[in-house]
Amino acid sequence: LVMPRASYAAMFGPTVGDRVRLGDTCLLAEVEEDFTVYGDECKFGGGKVLREGMGQATSATASEALDAVITNALIIDAKLGVVKADIGIKGSQIVGIGKAGNP
């Protein structure tokens, strides 16, 4: 099954090669790298990759667990460039950028 690029962008956000207009300016940012895995993007809900209750797993200790995860974010960074990734937050700080979810 092949998903049209516009449908993929509407559901999961832009991916490598897609250009995004920044706010109401004429500036465009092109996604250079996508840390999410095609077909395994983090999506919450019944029957999705991250299902109800998975955040309550007991395999991670309180010191290991994240406080929040922002999924499918478009990140513009001086070192990384323009990337799409999941952002891990703990104690009001970004502690990881990459792929969240099940290993």
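The values are calculated or read from the model by the stated rules, or taken from the named source; none is laboratory data. Quantities reported herein were computed from a predicted structural model and do not represent experimental measurements. Note that we place each Cβ from the backbone using ideal geometry, even for glycine, and neighbour counts take in every protein chain shown.
Answer with yes or no whether residue 60 is aliphatic (A, V, I, L, M), surrounded by fewer than 16 Cβ atoms within 10 Å (Cβ to Cβ), modelled with pLDDT under 75 and assigned to a loop (DSSP other than H, G, I, E, B). It is true that residue 60 is aliphatic (A, V, I, L, M), surrounded by fewer than 16 Cβ atoms within 10 Å (Cβ to Cβ), modelled with pLDDT under 75 and assigned to a loop (DSSP other than H, G, I, E, B). A count restricted to the stretch 3-38 and to residues that are assigned to a strand (DSSP E or B) and either more than 18 Å from the chain's Cα centre (by Cα) or among the hydrophobic types (A, V, I, L, M, F, W, C) (or both) stands at 4. Of all residue pairs spaced 6 or more apart or on separate chains, those with beta-carbon atoms under 7 Å, a first member in the stretch 27-48 that is under 10 Å from residue 15 (Cβ atoms) and a second member that is exposed (fewer than 12 other Cβ atoms within 10 Å of the Cβ) and at pLDDT 65 or above are 31/17. Considering (1) small (Gly, Ala, Ser); (2) at pLDDT below 80; (3) out of contact with any Lys or Arg (no Cβ under 9 Å at 6 or more places or on another chain), the lone condition that residue 78 does not fulfil carries the number (2).
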